[in-house]
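Below you'll find the structure, written out as structure tokens, and then a few comments.
The values are calculated or read from the model by the stated rules, or taken from the named source; none is laboratory data. As the structure is a prediction and not an experimental result, all values here were calculated from the model. Reconstructed Cβ throughout: ideal geometry from the backbone, glycine too, with neighbour counts over all protein chains shown. Each accessible area value is taken on the protein alone, full model and side chains, heavy atoms only, with ligands, DNA and RNA left out. Shrake-Rupley method; radii C 1.70, N 1.55, O 1.52, S 1.80 Å.
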Amino acid sequence: MKLAIISHTEHYKLANGTIVGWGPTITEINFLAQIFDEIYHIAMFHDVEAPESSMPYTSDKIKFVPIKPSGGHSVLDKIKVALTAPKVIKTVNSVLKKTDCFQLRAPTGIGVFLIPYLTIFSKKKGWYKYAGNWNQQSPPLGYALQRFMLKHQNRKVTINGSWPNQKTHCLSFENPCLTESDLENGVRVRNAKNNSGSINFCYAGRLEREKGVERIIKAFNNLDEEMSSNVGTVHLVGNGTEIEYFKNLSEKSRIDFVFHGFLPTDRLFQIYESSHFFIMPTTASEGFPKVIAEAMNFGCLPIVSNISSIGQYVTDGKNGFLISQVNEGNVLKAITQALTMPSQDYNQFVTENDNIVRKFSYTYYVERIKMLLSEK
């Protein structure tokens, strides 16, 4: 069986000519190659230097089909997306002729016109992967439109979390991010983890105010001197247009903030291994961020927003800390709870995550995709 994947995943070319792309998505597709004869990945090619978080495909079954980058928040960005529609549709149509089924990864700018195009004009078997917040009350217009269209068509849609009145064609799926080797290493790390000594925190993702980076820095800056002395390092992994603002905000702090930029997966996992808590007080349109499951696997207790499906995996006071009203004061309160946590409670919280992380393995995901494809 041959698969067409359509996404907005960023791809780049290395100096030696190798095509690489955003690591988490590329890894997922590398695992999907186990159950498909060929995979054509239609995605966006950026003619700039590849960030360290990029990875190559590991199978010659996978063929990259480039399209011009588009998308963004401004009116001009939306116009550019519309202008690319004819070329994108032409590319998609040509690839669909070579394949047996497709996966469209949404929400994405091109999804606004590709969802109706595929629904009306394609008879191919396929499914949609919606990675955003399926239950968001006031989503951006493009997200709302794509979610509405996906609810009112017949192909399967994989979503984050389980929701009241969920339609039968909408299937709750975990976002894979862990190999069997990662799971084995996670057991080793969790068994050895303890919160004696200085406490390290980490964040991974886009460095944006919406994702909570400003709230993180300001909350740590407002810790009193005694609490601050218990903090080891706050690792911030990722990049964004506001990075200089965040660096300036942290410059005169008593806290040791380290900005790592984007990191390859192995180095990111080392950050998790050395940290005690993962913190993400986000208000962005999240499904279930993979980084939360990754961090939990390596013994980092989550301090996270109670939005979308996050609260279906993180229970406040049982295996992490949930922030229901996301503001600087509540982030500070959660950090204080983390810093004063008894060792016995910390170890019990870490143990609670043993079974949860297994649902985020690539092996589990691939088996579920095989079941999805076998359904009529």
Problem set entry | Probe 1.4 Å - accessible area at residue 352, Å² to nearest ten | 70 Å²
For this session: Sum up the charges of everything whose Cβ sits under 10 Å from the Cβ of residue 104, counting Lys and Arg as +1 and Asp and Glu as -1, but leave residue 104 out.
Result: +3
Problem set entry | Sequence-distant lysines (8 or more away, or on other chains) whose Cα lies within less than 16 Å of residue 80 | 68
Problem set entry | Cα-based reach from residue 63 at 16 Å (exclusive), listing lysines while leaving out same-chain residues under 8 positions away | 2, 13, 97, 98
Exercise. Got a sec? Charge dipole of the range 1-62, +1 on Cβ for Lys and Arg, -1 for Asp and Glu; which of 58, 33, 12 is way out at the positive end?
Worked result: 33
Seminar exercise, completed: Projected onto the charge dipole of the range 186-264 (unit charges on the beta-carbon of Lys, Arg, Asp and Glu, signs +1, +1, -1, -1), the Cα from 198, 229, 216 with the largest positive-side position is that of 198
Exercise. Which percent of the accessible heavy-atom area of the range 243-376 goes to carbon and sulfur, probe 1.4 angstrom?
Worked result: 46 percent
Exercise. Any idea how far the Cα center of the range 173-220 sits from the one of the range 299-376, in Å?
Worked result: 10 Å
Problem set entry | Test item: Cα-centred dipole of the range 255-344, Lys/Arg +1 and Asp/Glu -1 on Cβ, debye | 140 debye
Problem set entry | J(HN,Hα) series, the range 128-141, from Karplus relation 6.51 cos²θ - 1.76 cosθ + 1.60, nearest Hz, glycine and proline x | 10, 10, 9, 9, x, 6, 5, 10, 5, 6, 10, x, x, 3
For this session: Using Cα pairs closer than 8 Å and at least 6 residues apart in sequence, work out the relative contact order for the range 1-80, in percent.
Result: 35 percent
Seminar exercise, completed: Ranked output for segments 64-70, 54-60, 12-18 by mean other Cβ atoms within 10 Å, highest leading, reads 64-70, 54-60, 12-18
For this session: For the range 103-118, take each phi angle, set θ = phi - 60°, evaluate the Karplus expression 6.51 cos²θ - 1.76 cosθ + 1.60, and give the result in whole Hz per residue in order, putting x for glycine and proline.
Result: 10, 10, 9, 10, x, 7, x, 6, x, 4, 9, 6, 4, x, 4, 5
Exercise. Mean separation of Cα pairs under 8 Å and 6+ residues apart, divided by the residue count of the range 126-275: what relative contact order is that in percent?
Worked result: 18 percent
Exercise. With the contact rule set at Cα under 8 Å and sequence spacing of 6 or more, what percent relative contact order holds for the range 277-376?
Worked result: 26 percent
Exercise. With charges set only on the Cβ (+1 for Lys and Arg, -1 for Asp and Glu), what does the dipole of the range 199-326 come to about its Cα centre, in debye to the nearest 20?
Worked result: 160 debye
For this session: Could you work out the local net charge near residue 284, counting Lys and Arg as +1, Asp and Glu as -1, over the other residues with Cβ closer than 11 Å to its Cβ?
Result: 0
For this session: Filter the cross-link list 318/370; 129/359; 123/370; 247/359 down to pairs whose alpha-carbon distance in this structure exceeds 25 Å.
Result: 318/370; 247/359
For this session: With +1 on each Lys and Arg Cβ and -1 on each Asp and Glu Cβ, and nothing else charged, work out how big the dipole of the range 1-127 is about its Cα centre, in Debye to the nearest 20.
Result: 660 debye
Problem set entry | the chain, helix-only ellipticity at 222 nm - DSSP H runs n ≥ 4, -39,500 (n - 2.57), divided by all residues, nearest 500 | -11500 deg cm²/dmol
Problem set entry | Whole-angstrom gap from the range 125-145 to the range 1-65, using each part's C-alpha centre | 23 Å
For this session: Determine ³J(HN,Hα), in whole Hz, for all residues of the range 219-230 in sequence, where each value follows from phi through the Karplus function 6.51 cos²θ - 1.76 cosθ + 1.60 and θ = phi - 60°; x replaces Gly and Pro.
Result: 5, 5, 5, 8, 5, 6, 4, 5, 5, 4, 5, 8
